[in-house]
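Just below is one structure, and these are the notes that go with it.
Values in this text are rule-based calculations from the coordinates and carry no lab data. These figures come from a predicted structure and were not determined experimentally. Note that each Cβ is placed from the backbone with ideal geometry, even for glycine, and that neighbours are counted across all protein chains shown.
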There are 2 protein chains.
Amino acid sequence: MLLGGQTWEFKSKPVIIGSAAVVGPEEGQGPLAADFDYVFDNLEIGESTWEKAERKLLEHAGTTALMHAGITKDQLQYFVGGDLMNQIISASFAARSFGAPYLGVFGACSTSMESLAIASMMVDSGNAGYVLAGTASHNCTAEKQFRYPTEYGSQKPPTAQYTVTGSGCAVVAAKGNGPRVTHATIGKIQDLGITDPFNMGAAMAPAAADTIVSHFRDTGRTPADYDLVVTGDLASVGLPIVKDILKRDGVPMEQTDFQDCGLMIYDREKQPQVIAGGSGCGCSASVTYGHILKRIASGNLKRVLVVATGALLSPLSYQQGESIPCIAHAVAIEKEGI
Amino acid sequence: MLLGGQTWEFKSKPVIIGSAAVVGPEEGQGPLAADFDYVFDNLEIGESTWEKAERKLLEHAGTTALMHAGITKDQLQYFVGGDLMNQIISASFAARSFGAPYLGVFGACSTSMESLAIASMMVDSGNAGYVLAGTASHNCTAEKQFRYPTEYGSQKPPTAQYTVTGSGCAVVAAKGNGPRVTHATIGKIQDLGITDPFNMGAAMAPAAADTIVSHFRDTGRTPADYDLVVTGDLASVGLPIVKDILKRDGVPMEQTDFQDCGLMIYDREKQPQVIAGGSGCGCSASVTYGHILKRIASGNLKRVLVVATGALLSPLSYQQGESIPCIAHAVAIEKEGI
């Protein structure tokens, strides 16, 4: 149900009956390592190309999520997914493997929550009983496509982020046990004119702020209603900016724990190669479906707002002098029975 | 409501209260010219790059659809769109201009019906009152990105299709007058191993057949229930293949008029440059939202099934020796009051 503004309330509270997060070796050395379902010890993920490696991450996370949900591929009714690759080939080829009817989506790194929002709407509206939502990214595919092949060893400014090698998937269902999806706030494009693709955090911060403000306005909730508000991947540059914007706008974010997936997934002191922190579709997906859902399951968190951010540029739009349109989609997840 | 299988039935029958189709000069010389809302007389669409031209087509069609719907940008609640460009920049930059909350989707040329299906579900489930669904393609952006820049003048085999320069948009609403969206059948990936990107029609035909068979199975309808079943863009190679498959499967397609948007939009005798026929997101979108909806409005057609097909390859997946995963999404549209 449209609650007003840009937020959906899912009256039936669709259930995440199973989820999984798989990551690469560097994420497996970070502080959340124990929460991931599988850590690959090689960036190649046993494949012959980086793109096939990324697809395999998604297939592995999806298959594991189905196993955790206790359903078979035949029972799966829909797959909603996307990724950063041109023509979202990781999701489309994984969809071939999953075999279910498929809706491809794209919101750059916000794809994680865009797919969860659509999957939850499908379930809440009676249009599906079981939907797999998921996304993936790989450091080397993203470097190659958006910047330079890793092998060039090009230098980066201190605002640059590090694309997560990882995937996260969730099975959303009409019935069952698990965390419940209660709301989704769909973001509007925000573009304040930033043109530097090595400063995504600053570009995306206004989109995160706008969606957070909209979510509280539409739901009548306040930050105090959440144990954790977590942005997708603003990292060390973007998170302070969104905090400043929300402070200026009078949103009492001090009432909650306010974190960023891009800062949670790596130890920036021990892993200086990540520079400002993590990014990529797999960042918020693996942190949410690995770490956060486990904290909800353990009773450590009762209600969380995940605000996944996306920078909707392409290398071509950048080369043509365009600024970076950004978006953020927020999904509210709560422990069952609260 | 999930009708079973992979088909949604929209009980409230969301209304297309306004639509628009705009095209380039070649489409304006084709047999459907009179049905388009605007024909640009130049491929540049007055812009400095092909990509900006494609975006302008989408903005023009979207703005015109809003005008036809009698609603303002402020009343628009969501935009669901996508396109063929890397990172769907045409839709994302157009979303910046529309200003509404935005869901980016990608299904290659099937994006036209994927976006209409999602928009209709949003309206049917009470999650939106007004949603704009739309997509666009441009011959020169597609040639440049997927094949060779047009300026190279490269030759093509007789199975090749010609990307339509055009855009189509529809405003889907909970109330109002206009054609009604009654069902959507979401496709599964079909991949029979074709690797030739100059033979999309043959690659996509099995996806169209699978979705058509699923639609009739799920709804209990037969081809006789439709005045027209129209595939997205299989063109002269793909349409005979899908007809053969459906004949083999015992689907009595002779009960209906069975056409293809890629064959309708051009006059292949007078426009030999289109080779096998039209393709691209803008093909099924402009034919549906221009031509077909006008035939429904005039009473010439009562019920139509639009089966938009998409080839979900990227230049990179092709270069890496992958076959072409294909999909088709079908949406049933009927005249109000029947």
- line: Here Rg/Rh (Cα, Kirkwood) for the protein assembly as shown equals 0.95
- prompt: If you add up the charges near residue B:109, with Lys and Arg at +1 and Asp and Glu at -1, over every other residue whose beta carbon is less than 13 angstrom from its beta carbon, what do you get?
  reply: -4
message: What translational diffusion coefficient, to the nearest whole µm²/s, does segment B:180-334 have by Stokes-Einstein, given a Kirkwood radius computed over alpha-carbon pairs, a temperature of 4 °C and 1.567 mPa s viscosity?
response: 83
message: For the pair residue B:247/residue B:155, report the inter-label distance in nm, with labels modelled 7 Å from Cα in the Cβ direction.
response: 3.2
task: Rank B:182, A:95, B:283 by how far each Cα sits towards the positive end of the charge dipole of the protein assembly as shown (+1 on Lys, Arg Cβ; -1 on Asp, Glu Cβ) and give me just the farthest.
output: B:182
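For the protein assembly as shown, what is the mean residue ellipticity at 222 nm derived from helices alone (per DSSP H run of n ≥ 4: -39500 (n - 2.57); sum divided by total residues; nearest 500 deg cm²/dmol)?
Calculated from helices alone, the mean residue ellipticity at 222 nm is -9500 deg cm²/dmol.
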statement: Projected onto their principal axes, the Cα atoms of chain A stretch, largest extent first, over whole-Å spans of 50, 48, 36
query: Can you work out the FRET efficiency for the pair residue A:302 and residue A:74, with r the C-beta to C-beta distance and R0 = 25 Å, to the nearest 0.05?
result: 0.10
task: Report, ordered by chain and residue number, the aspartates and glutamates lying within cross-link reach of residue A:13, taken as a straight Cα distance under 13 Å and ignoring same-chain residues fewer than 8 apart.
output: A:124, A:334, A:336
statement: Most exposed to least, judged by fewest other Cβ atoms within 10 Å, A:72, A:135, B:211 sort to A:72, B:211, A:135
query: Taking only C-alpha pairs under 8 Å that are 6+ residues apart, what is the relative contact order of segment A:10-100 in percent?
result: 28
- prompt: What nm distances, shortest first, do you get from the label point of residue A:147 to those in the other copies when the point sits 7 angstrom along Cα to Cβ?
  reply: 3.5
Selected from A:269, A:143, A:322 as most flexible by GNM, with chain A as the system and alpha-carbon contacts under 10 Å: A:269
message: If the only charges are +1 at each Lys and Arg Cβ and -1 at each Asp and Glu Cβ, what is the size of the charge dipole of segment B:53-183 around the Cα centre, to the nearest 20 debye?
response: 80
statement: By Cβ neighbour count within 10 Å, fewest first, B:85, B:204 rank B:85, B:204
- prompt: To the nearest Å, what is the center-to-center distance of segment A:22-40 and segment B:55-88, using C-alpha atoms only?
  reply: 41
query: Mind listing the Cα extents of segment A:143-267 along all three principal axes, in Å, largest one first?
result: 48, 40, 28
- prompt: When DSSP assigns beta bridges and you keep just the ones with both residues in the protein assembly as shown, what percent turn out antiparallel, to the nearest 5?
  reply: 65
- prompt: Relative to the Cα centre, what is the charge dipole magnitude of segment B:152-273, using +1 at the beta carbon of each Lys and Arg, -1 at the beta carbon of each Asp and Glu, and rounding to the nearest 20 debye?
  reply: 220
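Pairwise over distinct Cα atoms, reciprocal of the mean inverse distance: report the Kirkwood radius of segment B:2-173 in Å, one decimal place. Mind showing how you got there, number by number?
Details: mean 1/r = 0.0607 Å⁻¹.
For segment B:2-173, inverting the mean 1/r across all distinct Cα pairs yields 16.5 Å.
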query: Can you list, shortest first and in nm, the gaps between the label point of residue B:273 and those of its counterparts in the other copies, using a point 7 Å from Cα in the C-beta direction?
result: 4.9
field: Set B:73/B:302; A:188/A:243; B:52/B:144; A:73/A:144 screened for pairs whose C-alpha atoms are more than 21 Å apart
entry: B:73/B:302; A:73/A:144
task: Set Lys and Arg Cβ to +1 and Asp and Glu Cβ to -1, take the dipole of chain A about its Cα centre, and tell me which of A:84, A:223, A:48 lies farthest positive.
output: A:223
- request: Report, for residue B:126, each distance to the same residue's label point in the other copies, shortest first and in nm; define the point 7 Å along Cα→Cβ.
  value: 1.1
- prompt: What's the exposure ranking of B:233, B:260, A:35, going from fewest to most Cβ atoms within 10 Å?
  reply: A:35, B:260, B:233
task: Might you report the magnitude of the Cβ-based charge dipole of the protein assembly as shown about its Cα centre, with Lys and Arg at +1 and Asp and Glu at -1, to the nearest 20 debye?
output: 1240
message: Under 8 Å for C-alpha pairs, at least 6 residues apart: give me the relative contact order for chain B, rounded to a whole percent.
response: 25
query: When only Cα pairs under 8 Å and 6 or more residues apart are kept, what is the percent relative contact order across segment B:175-244?
result: 36
message: What distance in nm separates the two pseudo spin-label positions at residue B:224 and residue A:192, each 7 Å out from Cα along the beta-carbon direction?
response: 6.4
